[in-house]
Amino acid sequence: MASVFSAIGKIFGGNSGGSVLGVDIGTSSAKIVQIRSDKEKSVLETYGEIALGPYKQEDIGRAVKLSPEEMTQALLDLIKEANVTAGAAGISIPFAASLVTILDMPHVTDEQLKRIIPIEARKYVPVPMSEVMLDWFVLPRRDDHQDAFDRVNEESGLRKKGDEVLLAAIHNETLNNYQKVAKAVNLNVNFFEIEIFSATRSSIAHGIEPVLLVDMGATTTKMYIVERGVVRTSHLVSIGSQAMTERLARVMSWSFEKAERAKREWGLEVNNAYSREENEMNEQALLSTLTRIFSEMNRVLLNYGKRYNKNVSKVMLTGGGASLPGLAAVAKEYMKVEVEMARPFDKVEAPAFLDDVLASIGPGFAVAVGVALRSLRQLS
(Lines give C-alpha, C1' and ligand atoms only; values in the text may rest on other atoms or scores of the structure.)
Protein backbone atom coordinates (compact mmCIF):
# COMPACT_ATOMS: atom_id res chain seq x y z
CA MET A 1 0.00 0.00 0.00
CA ALA A 2 1.20 3.51 -0.77
CA SER A 3 1.99 5.80 2.12
CA VAL A 4 -1.00 7.25 3.89
CA PHE A 5 0.77 10.60 3.74
CA SER A 6 1.31 12.62 0.58
CA ALA A 7 2.32 16.15 -0.36
CA ILE A 8 4.13 16.84 2.88
CA GLY A 9 6.24 19.98 2.80
CA LYS A 10 8.19 21.36 5.74
CA ILE A 11 9.33 24.78 4.61
CA PHE A 12 10.63 26.73 7.55
CA GLY A 13 9.07 25.61 10.85
CA GLY A 14 10.16 26.82 14.26
CA ASN A 15 8.57 30.15 15.15
CA SER A 16 4.84 29.76 15.77
CA GLY A 17 4.04 33.16 17.28
CA GLY A 18 2.39 34.70 14.21
CA SER A 19 1.52 31.49 12.40
CA VAL A 20 -1.97 30.29 11.53
CA LEU A 21 -3.38 27.05 10.19
CA GLY A 22 -6.00 26.36 7.54
CA VAL A 23 -7.72 22.96 7.88
CA ASP A 24 -9.75 21.22 5.18
CA ILE A 25 -11.23 17.83 6.10
CA GLY A 26 -12.74 16.19 3.04
CA THR A 27 -14.21 12.75 2.43
CA SER A 28 -11.07 11.05 1.08
CA SER A 29 -8.29 13.20 2.55
CA ALA A 30 -7.53 15.99 5.00
CA LYS A 31 -5.26 18.91 4.14
CA ILE A 32 -3.55 21.60 6.19
CA VAL A 33 -1.64 24.75 5.30
CA GLN A 34 0.35 26.80 7.81
CA ILE A 35 1.33 30.38 6.93
CA ARG A 36 2.63 33.45 8.73
CA SER A 37 2.76 37.16 8.04
CA ASP A 38 6.12 38.74 7.22
CA LYS A 39 6.29 42.39 6.13
CA GLU A 40 2.73 42.35 4.79
CA LYS A 41 3.33 39.11 2.89
CA SER A 42 1.85 35.69 3.58
CA VAL A 43 4.66 33.16 3.90
CA LEU A 44 4.13 29.42 3.54
CA GLU A 45 5.64 27.46 6.44
CA THR A 46 4.32 23.94 5.97
CA TYR A 47 1.55 22.00 4.30
CA GLY A 48 0.36 18.42 4.19
CA GLU A 49 -2.28 15.94 3.14
CA ILE A 50 -3.33 12.62 4.62
CA ALA A 51 -5.55 9.93 3.11
CA LEU A 52 -8.57 9.07 5.25
CA GLY A 53 -9.46 5.70 3.74
CA PRO A 54 -6.97 3.72 5.88
CA TYR A 55 -8.67 5.00 9.06
CA LYS A 56 -11.65 2.88 7.98
CA GLN A 57 -9.49 0.04 6.63
CA GLU A 58 -10.21 1.25 3.09
CA ASP A 59 -7.87 2.03 0.19
CA ILE A 60 -6.22 5.40 -0.30
CA GLY A 61 -8.55 7.49 -2.44
CA ARG A 62 -11.72 5.96 -1.04
CA ALA A 63 -14.27 8.37 0.42
CA VAL A 64 -15.16 7.49 4.01
CA LYS A 65 -17.22 8.92 6.84
CA LEU A 66 -15.10 9.21 9.97
CA SER A 67 -16.32 9.52 13.53
CA PRO A 68 -15.04 12.56 15.47
CA GLU A 69 -12.57 10.21 17.23
CA GLU A 70 -11.21 8.86 13.93
CA MET A 71 -11.07 12.35 12.47
CA THR A 72 -9.11 13.47 15.52
CA GLN A 73 -6.54 10.71 15.10
CA ALA A 74 -6.09 11.49 11.39
CA LEU A 75 -5.60 15.18 12.10
CA LEU A 76 -3.16 14.46 14.93
CA ASP A 77 -1.11 12.26 12.59
CA LEU A 78 -1.08 14.93 9.91
CA ILE A 79 -0.16 17.74 12.31
CA LYS A 80 2.74 15.67 13.61
CA GLU A 81 3.97 14.61 10.18
CA ALA A 82 3.81 18.15 8.78
CA ASN A 83 5.53 19.62 11.84
CA VAL A 84 2.72 22.09 12.53
CA THR A 85 3.54 24.68 15.18
CA ALA A 86 0.58 27.07 14.88
CA GLY A 87 -2.16 27.05 17.49
CA ALA A 88 -4.56 29.51 15.84
CA ALA A 89 -6.64 27.94 13.08
CA GLY A 90 -9.70 28.06 10.89
CA ILE A 91 -11.61 24.99 9.69
CA SER A 92 -13.67 24.62 6.53
CA ILE A 93 -17.14 23.09 6.54
CA PRO A 94 -18.04 20.79 3.62
CA PHE A 95 -20.53 22.23 1.16
CA ALA A 96 -22.61 19.04 1.48
CA ALA A 97 -23.08 19.76 5.21
CA SER A 98 -24.34 23.28 4.59
CA LEU A 99 -26.78 25.33 2.57
CA VAL A 100 -25.95 28.46 0.58
CA THR A 101 -28.59 30.36 -1.37
CA ILE A 102 -29.59 33.88 -2.40
CA LEU A 103 -32.87 35.29 -1.13
CA ASP A 104 -34.83 38.08 -2.80
CA MET A 105 -35.92 40.25 0.12
CA PRO A 106 -37.83 43.54 0.44
CA HIS A 107 -35.73 46.63 1.05
CA VAL A 108 -36.16 46.99 4.83
CA THR A 109 -34.13 48.01 7.86
CA ASP A 110 -31.53 45.70 9.40
CA GLU A 111 -33.76 45.06 12.42
CA GLN A 112 -36.67 44.05 10.21
CA LEU A 113 -34.36 41.81 8.18
CA LYS A 114 -33.30 39.96 11.34
CA ARG A 115 -36.92 39.04 11.95
CA ILE A 116 -37.80 38.18 8.36
CA ILE A 117 -34.84 36.02 7.32
CA PRO A 118 -35.36 33.13 9.81
CA ILE A 119 -38.95 32.90 8.60
CA GLU A 120 -37.92 32.98 4.93
CA ALA A 121 -35.13 30.46 5.56
CA ARG A 122 -37.69 27.80 6.54
CA LYS A 123 -38.56 27.48 2.85
CA TYR A 124 -35.03 26.32 2.05
CA VAL A 125 -33.72 24.58 5.19
CA PRO A 126 -35.15 21.02 5.46
CA VAL A 127 -34.69 20.76 9.25
CA PRO A 128 -36.02 22.79 12.20
CA MET A 129 -34.39 26.20 12.58
CA SER A 130 -33.30 25.22 16.10
CA GLU A 131 -30.96 22.61 14.54
CA VAL A 132 -28.96 24.99 12.35
CA MET A 133 -26.84 28.10 12.63
CA LEU A 134 -27.83 30.84 10.20
CA ASP A 135 -25.71 33.64 8.85
CA TRP A 136 -26.38 36.14 6.10
CA PHE A 137 -25.41 39.44 4.58
CA VAL A 138 -26.99 41.83 2.10
CA LEU A 139 -25.25 41.77 -1.26
CA PRO A 140 -23.91 45.18 -2.29
CA ARG A 141 -25.76 46.95 -5.04
CA ARG A 142 -24.02 47.54 -8.32
CA ASP A 143 -23.93 51.33 -8.29
CA ASP A 144 -22.39 51.43 -11.76
CA HIS A 145 -25.45 49.77 -13.29
CA GLN A 146 -29.09 50.65 -12.79
CA ASP A 147 -31.68 48.97 -14.94
CA ALA A 148 -35.38 49.61 -15.47
CA PHE A 149 -36.28 47.47 -12.44
CA ASP A 150 -34.03 49.38 -10.06
CA ARG A 151 -35.19 52.97 -10.31
CA VAL A 152 -35.46 55.37 -7.41
CA ASN A 153 -38.89 56.18 -6.07
CA GLU A 154 -38.92 60.00 -6.20
CA GLU A 155 -41.25 60.39 -3.23
CA SER A 156 -39.59 58.08 -0.72
CA GLY A 157 -36.06 58.04 -2.05
CA LEU A 158 -36.08 54.25 -1.74
CA ARG A 159 -35.40 51.82 -4.55
CA LYS A 160 -38.43 49.90 -5.73
CA LYS A 161 -36.34 46.79 -6.10
CA GLY A 162 -35.61 44.82 -2.94
CA ASP A 163 -32.30 43.43 -1.69
CA GLU A 164 -30.49 40.21 -2.47
CA VAL A 165 -29.35 38.42 0.67
CA LEU A 166 -26.77 35.64 0.74
CA LEU A 167 -27.97 33.04 3.25
CA ALA A 168 -25.75 30.34 4.74
CA ALA A 169 -26.87 27.58 7.11
CA ILE A 170 -24.79 24.92 8.88
CA HIS A 171 -26.18 22.03 10.92
CA ASN A 172 -25.37 22.35 14.63
CA GLU A 173 -24.30 18.69 14.82
CA THR A 174 -21.65 19.31 12.15
CA LEU A 175 -20.30 22.30 14.05
CA ASN A 176 -20.28 20.37 17.33
CA ASN A 177 -18.28 17.53 15.78
CA TYR A 178 -15.68 19.88 14.34
CA GLN A 179 -15.44 21.72 17.66
CA LYS A 180 -14.77 18.40 19.43
CA VAL A 181 -12.01 17.58 16.94
CA ALA A 182 -10.43 21.02 17.25
CA LYS A 183 -10.37 20.76 21.05
CA ALA A 184 -8.93 17.24 20.94
CA VAL A 185 -6.02 18.31 18.70
CA ASN A 186 -5.43 21.44 20.79
CA LEU A 187 -6.25 24.00 18.09
CA ASN A 188 -7.65 27.43 18.89
CA VAL A 189 -10.23 27.69 16.11
CA ASN A 190 -11.29 31.28 15.45
CA PHE A 191 -13.93 30.48 12.84
CA PHE A 192 -15.63 27.82 10.74
CA GLU A 193 -16.18 28.64 7.08
CA ILE A 194 -18.15 26.87 4.34
CA GLU A 195 -15.61 25.63 1.80
CA ILE A 196 -17.17 27.53 -1.09
CA PHE A 197 -15.92 30.84 0.37
CA SER A 198 -12.46 29.47 1.16
CA ALA A 199 -11.91 28.17 -2.37
CA THR A 200 -13.13 31.44 -3.86
CA ARG A 201 -10.71 33.48 -1.73
CA SER A 202 -7.64 31.53 -2.79
CA SER A 203 -8.50 30.81 -6.41
CA ILE A 204 -10.21 33.80 -7.98
CA ALA A 205 -8.61 37.20 -8.48
CA HIS A 206 -10.63 40.37 -7.95
CA GLY A 207 -12.55 41.15 -11.11
CA ILE A 208 -15.96 42.12 -12.40
CA GLU A 209 -16.58 39.24 -14.81
CA PRO A 210 -18.36 36.11 -13.53
CA VAL A 211 -16.24 32.97 -13.12
CA LEU A 212 -17.34 29.34 -12.81
CA LEU A 213 -15.41 27.74 -9.95
CA VAL A 214 -15.48 23.93 -10.15
CA ASP A 215 -14.39 21.93 -7.10
CA MET A 216 -13.77 18.30 -8.09
CA GLY A 217 -13.96 16.20 -4.92
CA ALA A 218 -13.90 12.45 -4.34
CA THR A 219 -17.65 11.79 -4.47
CA THR A 220 -19.12 15.12 -5.63
CA THR A 221 -18.28 17.99 -7.93
CA LYS A 222 -19.35 21.42 -6.72
CA MET A 223 -19.90 24.28 -9.16
CA TYR A 224 -20.17 27.92 -8.11
CA ILE A 225 -20.55 31.00 -10.27
CA VAL A 226 -18.78 33.89 -8.58
CA GLU A 227 -19.26 37.48 -9.69
CA ARG A 228 -17.46 40.42 -8.06
CA GLY A 229 -16.45 38.12 -5.23
CA VAL A 230 -20.06 37.08 -4.56
CA VAL A 231 -21.39 33.56 -5.02
CA ARG A 232 -24.34 33.97 -7.38
CA THR A 233 -25.35 30.34 -7.83
CA SER A 234 -24.23 26.85 -6.82
CA HIS A 235 -24.74 23.38 -8.24
CA LEU A 236 -23.84 19.95 -6.86
CA VAL A 237 -23.16 16.89 -9.03
CA SER A 238 -23.03 13.50 -7.31
CA ILE A 239 -19.96 12.27 -9.15
CA GLY A 240 -16.28 12.84 -8.47
CA SER A 241 -12.77 11.50 -8.81
CA GLN A 242 -13.54 8.24 -6.98
CA ALA A 243 -15.89 7.30 -9.84
CA MET A 244 -12.97 7.73 -12.25
CA THR A 245 -10.88 5.28 -10.24
CA GLU A 246 -13.69 2.75 -10.02
CA ARG A 247 -14.35 2.93 -13.76
CA LEU A 248 -10.64 2.62 -14.54
CA ALA A 249 -10.34 -0.42 -12.26
CA ARG A 250 -13.25 -2.17 -14.02
CA VAL A 251 -12.05 -1.40 -17.55
CA MET A 252 -8.42 -2.38 -16.90
CA SER A 253 -9.24 -5.27 -14.51
CA TRP A 254 -7.13 -3.63 -11.80
CA SER A 255 -7.56 -3.33 -8.06
CA PHE A 256 -8.85 0.01 -6.77
CA GLU A 257 -5.41 0.70 -5.29
CA LYS A 258 -3.61 0.19 -8.62
CA ALA A 259 -6.18 2.23 -10.53
CA GLU A 260 -5.92 5.09 -8.02
CA ARG A 261 -2.13 5.11 -8.31
CA ALA A 262 -2.27 5.09 -12.12
CA LYS A 263 -4.85 7.89 -12.14
CA ARG A 264 -2.70 10.09 -9.94
CA GLU A 265 0.60 9.40 -11.68
CA TRP A 266 -0.46 9.33 -15.35
CA GLY A 267 -4.07 10.41 -15.61
CA LEU A 268 -4.94 11.30 -19.19
CA GLU A 269 -1.33 11.47 -20.32
CA VAL A 270 0.32 8.76 -22.40
CA ASN A 271 2.17 6.11 -20.38
CA ASN A 272 5.02 4.70 -22.45
CA ALA A 273 4.88 1.49 -20.41
CA TYR A 274 1.39 0.81 -21.80
CA SER A 275 0.50 -0.45 -25.23
CA ARG A 276 -1.45 1.82 -27.55
CA GLU A 277 -4.61 -0.14 -26.78
CA GLU A 278 -4.04 0.17 -23.01
CA ASN A 279 -3.52 3.93 -23.28
CA GLU A 280 -6.75 4.26 -25.25
CA MET A 281 -8.65 2.14 -22.71
CA ASN A 282 -7.22 4.24 -19.87
CA GLU A 283 -8.24 7.49 -21.56
CA GLN A 284 -11.75 6.34 -22.40
CA ALA A 285 -12.31 5.03 -18.86
CA LEU A 286 -11.46 8.40 -17.35
CA LEU A 287 -13.34 10.37 -20.00
CA SER A 288 -16.52 8.38 -19.41
CA THR A 289 -16.75 10.12 -16.03
CA LEU A 290 -15.23 13.45 -17.00
CA THR A 291 -17.54 14.07 -19.94
CA ARG A 292 -20.53 13.84 -17.60
CA ILE A 293 -18.94 16.50 -15.40
CA PHE A 294 -18.11 18.68 -18.42
CA SER A 295 -21.70 18.37 -19.61
CA GLU A 296 -22.99 19.62 -16.25
CA MET A 297 -20.50 22.48 -16.33
CA ASN A 298 -21.73 23.60 -19.75
CA ARG A 299 -25.32 23.33 -18.53
CA VAL A 300 -24.57 25.59 -15.56
CA LEU A 301 -22.96 28.12 -17.90
CA LEU A 302 -25.96 28.03 -20.25
CA ASN A 303 -28.53 28.43 -17.47
CA TYR A 304 -26.63 31.33 -15.93
CA GLY A 305 -26.41 33.06 -19.29
CA LYS A 306 -30.14 32.70 -19.85
CA ARG A 307 -31.08 33.87 -16.37
CA TYR A 308 -28.77 36.87 -16.09
CA ASN A 309 -28.16 37.65 -19.77
CA LYS A 310 -24.39 37.62 -19.35
CA ASN A 311 -21.55 35.26 -20.16
CA VAL A 312 -19.14 33.62 -17.74
CA SER A 313 -15.58 34.67 -18.56
CA LYS A 314 -13.77 31.47 -17.57
CA VAL A 315 -13.79 28.21 -15.65
CA MET A 316 -11.45 27.70 -12.67
CA LEU A 317 -10.77 24.09 -11.67
CA THR A 318 -10.05 23.24 -8.03
CA GLY A 319 -10.23 20.20 -5.77
CA GLY A 320 -8.15 17.03 -5.60
CA GLY A 321 -9.71 15.69 -8.79
CA ALA A 322 -8.47 18.74 -10.69
CA SER A 323 -4.87 17.59 -10.17
CA LEU A 324 -5.46 14.76 -12.68
CA PRO A 325 -2.52 14.88 -15.14
CA GLY A 326 -3.67 16.04 -18.57
CA LEU A 327 -7.02 17.37 -17.33
CA ALA A 328 -6.46 21.00 -18.31
CA ALA A 329 -5.88 20.24 -21.98
CA VAL A 330 -8.89 17.92 -22.21
CA ALA A 331 -11.18 20.35 -20.36
CA LYS A 332 -10.30 23.11 -22.82
CA GLU A 333 -11.48 20.88 -25.68
CA TYR A 334 -14.87 20.21 -24.09
CA MET A 335 -15.65 23.62 -22.58
CA LYS A 336 -16.81 26.65 -24.54
CA VAL A 337 -14.92 29.16 -22.40
CA GLU A 338 -11.39 29.62 -21.10
CA VAL A 339 -10.29 26.99 -18.55
CA GLU A 340 -7.63 27.48 -15.87
CA MET A 341 -6.24 25.37 -13.05
CA ALA A 342 -6.39 27.07 -9.65
CA ARG A 343 -3.03 28.18 -8.25
CA PRO A 344 -3.81 29.04 -4.61
CA PHE A 345 -0.17 28.85 -3.51
CA ASP A 346 0.53 31.87 -5.74
CA LYS A 347 -1.03 33.93 -2.94
CA VAL A 348 1.73 32.99 -0.50
CA GLU A 349 5.52 33.30 -0.56
CA ALA A 350 7.41 30.01 -0.92
CA PRO A 351 10.88 28.91 -2.08
CA ALA A 352 11.26 28.94 -5.86
CA PHE A 353 12.28 25.28 -5.97
CA LEU A 354 8.75 24.36 -4.83
CA ASP A 355 7.00 26.20 -7.68
CA ASP A 356 6.34 23.12 -9.82
CA VAL A 357 5.22 20.98 -6.90
CA LEU A 358 2.88 23.63 -5.51
CA ALA A 359 1.42 24.28 -8.95
CA SER A 360 0.64 20.59 -9.48
CA ILE A 361 -0.96 20.00 -6.07
CA GLY A 362 -2.44 23.49 -5.80
CA PRO A 363 -6.00 22.75 -6.95
CA GLY A 364 -6.45 20.26 -4.12
CA PHE A 365 -5.26 22.77 -1.52
CA ALA A 366 -7.51 25.65 -2.60
CA VAL A 367 -9.78 25.36 0.44
CA ALA A 368 -6.97 24.92 3.00
CA VAL A 369 -5.07 27.93 1.60
CA GLY A 370 -8.25 30.02 1.57
CA VAL A 371 -8.99 29.20 5.21
CA ALA A 372 -5.38 29.99 6.21
CA LEU A 373 -5.51 33.38 4.43
CA ARG A 374 -8.65 34.36 6.30
CA SER A 375 -7.18 33.10 9.57
CA LEU A 376 -4.09 35.22 9.04
CA ARG A 377 -6.18 38.27 8.27
CA GLN A 378 -8.16 37.82 11.50
CA LEU A 379 -4.94 37.43 13.48
CA SER A 380 -3.56 40.77 12.28
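Details
- Neighbours by Cβ (under 7 Å, 6+ apart or cross-chain): first from the range 235-256, free of Cβ contacts under 8 Å to residues at least 40 places away in the same chain; second of a type in the set (Ser, Thr, Tyr) and buried (at least 16 other Cβ atoms within 10 Å of the Cβ): 238/220
- Some residue of the range 209-219 being closer than 30 Å to residue 374 by Cα, part of a helix (DSSP H, G or I) and touching a residue at least 24 places away in the same chain (Cβ under 8 Å): no
- Qualifying residue in the range 233-244 (condition: in a helix (DSSP H, G or I), within 16 Å of residue 319 (Cα to Cα) and over 18 Å from the mean Cα position of the chain (by Cα)): yes
- Among the residues making up the range 350-364, a single one is loosely packed, with under 15 Cβ neighbours inside 10 Å and closer than 16 Å to residue 37 by Cα: 351.
- Subset of the range 318-342 (residues that are in contact (Cβ under 8 Å) with a residue 60 or more places away in the chain and buried (at least 17 other Cβ atoms within 10 Å of the Cβ)): 318, 319, 320, 321, 322, 324, 327, 330, 342
- Filtered by the rule that a residue be more than 30 Å from residue 249 (Cα to Cα) and either free of Cβ contacts under 8 Å to residues at least 60 places away in the same chain or of a type in the set (Lys, Arg) (or both), the range 287-302 gives a lone residue, 302.
- Restricting attention to the range 292-309, the residues that are loosely packed, with under 13 Cβ neighbours inside 10 Å and not hydrophobic (A, V, I, L, M, F, W, C) add up to 4.
- Summed over the range 109-127, the residues that are assigned to a loop (DSSP other than H, G, I, E, B) and free of Cβ contacts under 8 Å to residues at least 12 places away in the same chain give a count of 4.
- Restricting the range 225-261 to residues that are charged (D, E, K, R) and out of contact with any helix residue (DSSP H, G or I) (no Cβ under 6 Å at 6 or more places or on another chain), the residue that is farthest from residue 60 (Cα to Cα): 228
- Within the range 267-285, residues that are in contact (Cβ under 8 Å) with a residue 24 or more places away in the chain and surrounded by 14 or more Cβ atoms within 10 Å (Cβ to Cβ) sit with their Cβ atoms under 7 Å from residues that are assigned to a loop (DSSP other than H, G, I, E, B) and of a type in the set (A, V, I, L, M, F, W, C), at 6+ positions apart or across chains, in these pairs: 267/324; 268/324.
- Across the range 48-77, the number of residues qualifying as of a type in the set (A, V, I, L, M, F, W, C), touching a residue at least 60 places away in the same chain (Cβ under 8 Å) and either exposed (fewer than 15 other Cβ atoms within 10 Å of the Cβ) or not in a loop (DSSP other than H, G, I, E, B) (or both) comes to 3.
- Residue check, residue 225 among the aliphatic types (A, V, I, L, M), part of a helix (DSSP H, G or I) and either under 15 Å from the mean Cα position of the chain (by Cα) or surrounded by 19 or more Cβ atoms within 10 Å (Cβ to Cβ) (or both): no
- Residues of the range 339-369 that are in contact with a Pro (Cβ under 7 Å, 6 or more places away or on another chain) and outside any helix (DSSP H, G or I): 341, 342.
- Just one of (1) of a type outside the set (Asp, Glu); (2) assigned to a loop (DSSP other than H, G, I, E, B); (3) in contact with a Pro (Cβ under 7 Å, 6 or more places away or on another chain) fails for residue 336. It is (3).
- Condition met for residue 207 (farther than 19 Å from residue 320 by Cα, touching a His at 6+ places or on another chain (Cβ under 9 Å) and either basic (Lys, Arg) or at pLDDT below 95 (or both)): no
- When every residue of the range 247-268 is checked against the conditions, none turns out to be among the hydrophobic types (A, V, I, L, M, F, W, C), part of a loop (DSSP other than H, G, I, E, B) and within 15 Å of the chain's Cα centre (by Cα).
- Here residue 132 does not fit the description of being among the β-branched types (Val, Ile, Thr) and at pLDDT below 85.
The values are calculated or read from the model by the stated rules, or taken from the named source; none is laboratory data. Values in this document were obtained by computation on a predicted structure and should not be read as measured data. Please note: Cβ atoms are built from the backbone with ideal geometry, for glycine as well, and neighbour counts cover all protein chains shown.
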